[in-house]
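Below is one structure; the comments refer to it alone.
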Amino acid sequence: AGVNWLPLTDNLPQIGVSGIAISPSDSNTIYIATGDDDANDSPSIGVMKSIDGGATWNTTGAMTGGVPNSMNEIYIDPNNNNTVLVATSNGVFKTVDGGTNWARKLTATILDLKMKPGDASTWYAVSATKFYRSTDSGETFTEVAIPALTAGSTRLTIDVTIADPTYVYMASAADPKSKF
């Protein structure tokens, strides 16, 4: 219950981890998105996977265009343990085979990624200035225009809630020199 802790990642080749996803159907299956997504002082080495509750870790397959500089949010599809989406500096990547193969589904520096609560077919992603939505389980993403963001937003973050899955909450930071 959090009283005692045992380190399980001391022997990883990378200290930075910016996202953790634990399978809802098998807690022994864990994915981590490596690299520091805030200060960029620890570059990514890709997604790593454990199938024994974190006792051992292995790298997953290569991503199109090479390993991104940074990664952040990573999610396992609650309906399929082998489908994972990860937000990276090279876009949103998706695997449907447990990490053996990754395909880039959105090309942009993605800072945040969320699944609509209760609906694994709908995903939301943001770059520093744009909001994207997928309604086909993360296969394709479409930019959604949000007029208020065109006036100087330089950083976005999003979240969702099971209390009302019809809402996406967004925080936006603007360059202080611009009018927003």
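The values are calculated or read from the model by the stated rules, or taken from the named source; none is laboratory data. Source: prediction; values computed, not measured. Cβ coordinates were reconstructed from backbone atoms using ideal geometry, including for glycine residues, and neighbour counts include every protein chain displayed. These area figures cover heavy atoms from the full protein model, side chains too; ligands, DNA and RNA do not enter into them. Shrake-Rupley method; radii C 1.70, N 1.55, O 1.52, S 1.80 Å.
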How much length would be gained if the chain were fully extended between residue 144 and residue 104, taking 0.36 nm per residue of separation minus their Cα-Cα distance, in nm to one decimal?
12.5 nm
Based on alpha-carbon centroids, what's the gap between segment 11-40 and segment 64-78 in Å, whole number please?
10
Rounded to the nearest percent, how much of the accessible area of the chain (1.4 Å probe, protein heavy atoms only) is carbon and sulfur?
51
Treat each spin label as a single point 7 Å out from the Cα along the C-beta direction, and report the residue 82 to residue 133 distance in nm.
3.1
Excluding same-chain pairs closer than 8 in sequence, count the lysine pairs in the chain whose Cα atoms lie under 17 Å apart.
7
Just to be sure I understand: if I project the alpha-carbon convex hull of the chain onto a plane and average over all orientations, what area do I get in nm²?
11.6
Lys/Arg +1, Asp/Glu -1 at C-beta; the chain dipole; positive extreme among 163, 75, 141
141
Size of the dipole of the chain about the Cα centre, Lys and Arg at +1 and Asp and Glu at -1 on the beta carbon, nothing else charged, in debye to 20?
500
Over segment 1-136, with neighbouring protein chains present, the accessible area per residue in Å² at probe 1.4 Å is 48
Give the dimensionless ratio obtained when the Cα radius of gyration of segment 1-67 is divided by 2.2 N^0.38 Å.
1.16
